[in-house]
Amino acid sequence: MAEVMCARALPPMQIPVYQVIPNIFLTKQRAGVVEQKKVYYCQRCLNHNKTEPRKNHKCECPFANCTCFKCSLVEKRRKLNLQLHELEGDVGEKKYEDDEDRKLKGGESI
């Protein structure tokens, strides 16, 4: 029989957890990074190379009535998202209406 050598060449050493686990698996709190809030910028201002935070900016946006090509795309996207949101709401409501139609008196299902 062949003998298996199980001798340790080096004594066991402790490795800190933060060196073993990649940073993508650590939360920002554990990694020691302070998480900052995400800042959204006005799309119309970005089209005109200005970075203005979107919060409390709607009334004072200088490009609110702009009709350039890029700003018209922003407006089209806004309208399409609104229509999509309304359609998703209609589908959800219809599902519940169908469930009510299938119930008999006393709450029993067909």
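The values are calculated or read from the model by the stated rules, or taken from the named source; none is laboratory data. Nothing here was measured: the structure is a model prediction, and the numbers come from that model. Glycine also receives a Cβ, built like all others from the backbone with ideal geometry; neighbour counts cover every protein chain displayed.
Listed here are the residues, each with its yes/no results for (1) out of contact with any Asp or Glu (no Cβ under 8 Å at 6 or more places or on another chain); (2) assigned to a helix (DSSP H, G or I); (3) among the charged types (D, E, K, R); (4) in contact (Cβ under 8 Å) with a residue 24 or more places away in the chain.
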position	(1), (2), (3), (4)
39	yes, no, no, no
50	yes, no, yes, no
56	yes, no, no, no
62	yes, no, no, no
67	yes, no, no, no
78	yes, yes, yes, no
84	yes, yes, no, no
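Based on this model, can you work out whether residue 106 counts as surrounded by 10 or more Cβ atoms within 10 Å (Cβ to Cβ), in a helix (DSSP H, G or I), modelled with pLDDT under 90 and of a type outside the set (Ser, Thr, Tyr)? Spell out how you get there, then give the answer.
Details: surrounded by 10 or more Cβ atoms within 10 Å (Cβ to Cβ): no; in a helix (DSSP H, G or I): yes; modelled with pLDDT under 90: yes; of a type outside the set (Ser, Thr, Tyr): yes.
When the stated conditions are applied, residue 106 does not pass them.
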Q. Does residue 37 count as surrounded by 11 or more Cβ atoms within 10 Å (Cβ to Cβ), modelled with pLDDT under 90 and on the phi < 0 side of the Ramachandran plot?
A. no
